[in-house]
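Undergrad: Let me give you the structure first, and then I'll get to my questions.
The values are calculated or read from the model by the stated rules, or taken from the named source; none is laboratory data. Model, not experiment: these values are computed from the prediction. Backbone-built Cβ (ideal geometry, glycine too); neighbour counts: all protein chains shown.
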């Protein structure tokens, strides 16, 4: 016991977040340090809950598309694709092949920009700002193309139920082709840099280890799983959109650490460029959308897509009206958080930011309100109780907020 | 008396050091930006930053030791300024020179790092404590190779005065090339001394936010930043005086040459900063002891042999 108190004295608890320069969105990591070594880490997420799933239930399917597009600021296309193809399956619509190809092109452009963004963020986390500037410069090229194709840099708004909203003309295809050529050279340069720059390897190798067994145990997805040697890629194992006709080689690596994840992401970008080239070459002619009914037949569906961060799952339940009964979004970051504590333990403090960044976390995609059901039944706090609780909480600290009157609107009470 | 005061306070003393420090910061940021495919700041940006900080409110944390918190920035700046008067800038001689001044300069150069450590320590914050401990840990790593590298040329010159060393080497130019390994050791260790990437873990933004200086604001931060810039000038001047003692013998061309030499050293430091990722403190320490120190020891032995042969 005395040993425990001895070590306990040397421990320092340092909070990373909710506001911290290494986090791009609010999240809180309570790191317990012994010297510079991490002995314990508590992952605290939930600062960004926006109630999107609930909002979806009060709007029509086509209005929900707007909300679903905004689940994630980086990979918005993959969410709208998952949502649309789920509804299309419920309604029994088959989208035209040209629409499927356009969805793939936008999805791969999105993967390119997401991975380039990640590469920059990762480089910044380990203090390699030059690479950060370079990758973000190249990311601009992808964003320019996306703006040209979709009209927006992010939140592309190209998907609609039954197809896509904008067609690609020859000029656009040509400029995508040209950008792909430029990017390919740059990405090959980054691959060379990642493999040969000694300080990069020193900072990335052996950090944030998540072995194959652990990756399966914690249910890791996407590049985190693929870096551990698990060929888990929805584009291959359950092809959607036009991926069934397109040759996709899932990239895996055996390093199972941050270095492996970096290599996987860079190689995936090269693969994305190949897919884009294939799509442009084999883009079928024809319609880009079919008409979808406003009322979707009752039923439930699970739709999966491969987001840049991993497997993205949407569950939609319809009750036969024009509004969904339930929409559930399982963003890839949600699956990758579980292994975080395991990855952080035993690291140096200096490696904490890059370990967190290595799963490419998307905080706001992840935050959900959940109801925990225990043996004593569920414990749901209503609006009034919650308000009373907060008033008492402040009263204890000497602040009386009870004098402030808030009109209890019906909508709020119904929650 | 008055000429001494002018030398200390105006040229080539404090005022010149401060202005050149701001110019150096501009060059540093500008070259760094160019290497990263960015435009970089306008020439007046460092001055504007300085003036802005001077005008801002200074907040002293309730837990901090207010006295130390206030005094340390000035101590840091004063030490750098004091060290600078022993480094030759204008003409052959430094403003003040005596036998053994290089030792004084090296000691004074340690003061800014120590003030940084104490500043972080007395701020009583989590990030500042970690940052300051890192700064001190790094100091034990780079100090030995830096000292050995800077002192080894004096073995051949058989003097402990920077001015006399520079004079000796300017008369015996071939010997300069003997010191090339020590030159590189000094450049790399100097980068560590200045806490710049890849050795910037004490102030690693993504880990410890701003490190030791996190609680500093307003005027006190401005003075610390100024002492940072001056330290950069000091290290560049010292390295160029010891390892690049090429001189014409006339004061004005020598001064121009001084600027060329220091800017060349700066460019090397900037390229190094932009081309590498930040090393962890433990990696930095093992790098200094495994690679820099042996090279520095090799240089000392080499110079001792050369000296006995002479």
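Undergrad: May I ask you to verify whether residue A:146 is away from chain B (no Cβ under 14 Å) and surrounded by fewer than 19 Cβ atoms within 10 Å (Cβ to Cβ)? If you could, list the steps in order and put the result at the bottom.
TA: Numbers: away from chain B (no Cβ under 14 Å): yes; surrounded by fewer than 19 Cβ atoms within 10 Å (Cβ to Cβ): no.
Spelling it out, it is not the case that residue A:146 is away from chain B (no Cβ under 14 Å) and surrounded by fewer than 19 Cβ atoms within 10 Å (Cβ to Cβ).
Undergrad: Condition (residue is touching a helix residue (DSSP H, G or I) at 6+ places or on another chain (Cβ under 9 Å) and part of a loop (DSSP other than H, G, I, E, B)) applied to the range B:66-84: is it met by at least one residue?
TA: Scanning the range B:66-84 turns up no residue that is touching a helix residue (DSSP H, G or I) at 6+ places or on another chain (Cβ under 9 Å) and part of a loop (DSSP other than H, G, I, E, B).
Undergrad: In addition: Scan (1) exposed (fewer than 15 other Cβ atoms within 10 Å of the Cβ); (2) assigned by TED's automatic domain parsing to the domain that holds residue A:277; (3) out of contact with any strand residue (DSSP E or B) (no Cβ under 8 Å at 6 or more places or on another chain) for the single condition residue A:97 breaks and write down its number.
TA: (1)
Undergrad: If I ask for residues that are out of contact with any helix residue (DSSP H, G or I) (no Cβ under 8 Å at 6 or more places or on another chain) and surrounded by fewer than 23 Cβ atoms within 10 Å (Cβ to Cβ), which ones from the range A:59-89 would you list?
TA: A:60, A:62, A:63, A:66, A:88, A:89
Undergrad: Another question about this same structure. Could you tell me whether any residue of the range A:134-143 is away from chain B (no Cβ under 14 Å), surrounded by fewer than 23 Cβ atoms within 10 Å (Cβ to Cβ) and either at pLDDT 90 or above or farther than 22 Å from residue A:365 by Cα (or both)? Walk me through how you get there before you give the answer.
TA: We begin by selecting, within the range A:134-143, every residue away from chain B (no Cβ under 14 Å); these are A:142-143.
Still in the running and surrounded by fewer than 23 Cβ atoms within 10 Å (Cβ to Cβ): A:143.
Filter once more, so that each one left must be either at pLDDT 90 or above or farther than 22 Å from residue A:365 by Cα (or both): A:143.
Looking for residues that are away from chain B (no Cβ under 14 Å), surrounded by fewer than 23 Cβ atoms within 10 Å (Cβ to Cβ) and either at pLDDT 90 or above or farther than 22 Å from residue A:365 by Cα (or both), one finds at least one in the range A:134-143, hence yes.
Undergrad: Need a quick list: helices (runs of 4 or more DSSP H) entirely within the range A:302-362 having at least 2 residues that are away from chain B (no Cβ under 14 Å). Can you show your working first?
TA: Working: elements: A:332-336, A:340-344, A:352-358.
Where helices (runs of 4 or more DSSP H) fall fully within the range A:302-362 and carry at least 2 residues being away from chain B (no Cβ under 14 Å), they are A:332-336, A:340-344.
Undergrad: Let me ask something else. Which number in (1) away from every other protein chain (no Cβ under 14 Å); (2) modelled with pLDDT under 90 marks the one condition that residue B:280 misses?
TA: Against the list (1) away from every other protein chain (no Cβ under 14 Å); (2) modelled with pLDDT under 90, residue B:280 comes up short only on (1).
Undergrad: For the range B:259-294, give me each residue that is under 22 Å from residue B:231 (Cβ atoms) and touching a strand residue (DSSP E or B) at 6+ places or on another chain (Cβ under 9 Å).
TA: Of everything in the range B:259-294, just one residue is under 22 Å from residue B:231 (Cβ atoms) and touching a strand residue (DSSP E or B) at 6+ places or on another chain (Cβ under 9 Å), namely B:281.
Undergrad: Only one of B:210, B:197, B:204 is within 14 Å of another protein chain (Cβ to nearest Cβ), over 17 Å from residue B:307 (Cβ atoms), surrounded by fewer than 20 Cβ atoms within 10 Å (Cβ to Cβ) and in contact (Cβ under 8 Å) with a residue 60 or more places away in the chain. Can you tell me which? Talk me through it step by step, then tell me what you get.
TA: On the way: B:197 fails: surrounded by fewer than 20 Cβ atoms within 10 Å (Cβ to Cβ); B:204 fails: surrounded by fewer than 20 Cβ atoms within 10 Å (Cβ to Cβ).
It is B:210.
Undergrad: Quickly run through the range B:85-124 and pick out the residues that are closer than 16 Å to residue B:236 by Cα, in a helix (DSSP H, G or I) and under 13 Å from the mean Cα position of the chain (by Cα).
TA: Pass one, the range B:85-124, residues closer than 16 Å to residue B:236 by Cα: B:85-90, B:94, B:102, B:105-106, B:108-110, B:112.
Those still in the list that are in a helix (DSSP H, G or I) too: B:102, B:105-106, B:108-110, B:112.
Once the filter is applied, which keeps residues that are closer than 16 Å to residue B:236 by Cα, in a helix (DSSP H, G or I) and under 13 Å from the mean Cα position of the chain (by Cα), the range B:85-124 yields B:105, B:106, B:108, B:109, B:110, B:112.
Undergrad: Of all residues in the range A:267-276, how many are out of contact with any helix residue (DSSP H, G or I) (no Cβ under 6 Å at 6 or more places or on another chain) and more than 23 Å from residue A:195 (Cβ to Cβ)?
TA: 0
Undergrad: Being outside any helix (DSSP H, G or I) and under 20 Å from the mean Cα position of the chain (by Cα) is the filter; apply it to the range B:248-301 and report the residue that is surrounded by the fewest Cβ atoms within 10 Å (Cβ to Cβ). Reasoning before the result, please.
TA: Step one: filter the range B:248-301 for residues outside any helix (DSSP H, G or I), giving B:248-250, B:276-280.
Among the residues that remain, those that are also under 20 Å from the mean Cα position of the chain (by Cα) are: B:276, B:278-279.
Working: B:276: 22, B:278: 27, B:279: 26.
Once the filter is applied, the top-ranked residue is B:276.
Undergrad: Go through the range A:158-172 and count every residue that is assigned to a helix (DSSP H, G or I) and surrounded by 16 or more Cβ atoms within 10 Å (Cβ to Cβ).
TA: Quick first cut of the range A:158-172, residues assigned to a helix (DSSP H, G or I) only: A:170-172.
Filter once more, so that each one left must be surrounded by 16 or more Cβ atoms within 10 Å (Cβ to Cβ): A:172.
The qualifying residues number 1.
Condition check ((1) more than 20 Å from residue A:210 (Cα to Cα); (2) crowded, with 23+ Cβ neighbours inside 10 Å) across all residues:
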{"residue": "A:240", "(1), (2)": "yes, no"}
{"residue": "A:246", "(1), (2)": "yes, no"}
{"residue": "A:262", "(1), (2)": "no, yes"}
{"residue": "A:267", "(1), (2)": "no, no"}
{"residue": "A:280", "(1), (2)": "yes, no"}
{"residue": "A:299", "(1), (2)": "yes, no"}
{"residue": "A:304", "(1), (2)": "yes, no"}
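Undergrad: Could you tell me whether any residue of the range A:257-268 is in a loop (DSSP other than H, G, I, E, B) and either closer than 26 Å to residue A:146 by Cβ or in contact (Cβ under 8 Å) with a residue 40 or more places away in the chain (or both)? Steps first, answer last, please.
TA: Taking the range A:257-268 as the starting set, the residues that turn out to be in a loop (DSSP other than H, G, I, E, B) are A:257.
Filter once more, keeping what is either closer than 26 Å to residue A:146 by Cβ or in contact (Cβ under 8 Å) with a residue 40 or more places away in the chain (or both): A:257.
There is at least one residue in the range A:257-268 that is in a loop (DSSP other than H, G, I, E, B) and either closer than 26 Å to residue A:146 by Cβ or in contact (Cβ under 8 Å) with a residue 40 or more places away in the chain (or both).
Undergrad: So, residue B:34, is that one assigned to a helix (DSSP H, G or I), exposed (fewer than 15 other Cβ atoms within 10 Å of the Cβ), modelled with pLDDT of 90 or more and within 14 Å of another protein chain (Cβ to nearest Cβ) or not? Steps first, answer last, please.
TA: Values: assigned to a helix (DSSP H, G or I): yes; exposed (fewer than 15 other Cβ atoms within 10 Å of the Cβ): yes; modelled with pLDDT of 90 or more: yes; within 14 Å of another protein chain (Cβ to nearest Cβ): yes.
In short, yes.
Undergrad: Looking at the structure I just gave you, is residue A:285 assigned by TED's automatic domain parsing to the domain that holds residue A:257 and touching a strand residue (DSSP E or B) at 6+ places or on another chain (Cβ under 7 Å)?
TA: Values: assigned by TED's automatic domain parsing to the domain that holds residue A:257: yes; touching a strand residue (DSSP E or B) at 6+ places or on another chain (Cβ under 7 Å): no.
So residue A:285 fails the test.
Here's the yes/no breakdown for (1) within 14 Å of chain B (Cβ to nearest Cβ); (2) under 25 Å from residue B:270 (Cα atoms); (3) modelled with pLDDT under 90:
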residue	(1), (2), (3)
A:122	yes, yes, no
A:154	no, no, yes
A:164	no, no, no
A:179	no, no, no
A:188	no, no, no
A:194	yes, yes, yes
A:202	yes, yes, yes
A:205	yes, no, yes
A:223	no, no, no
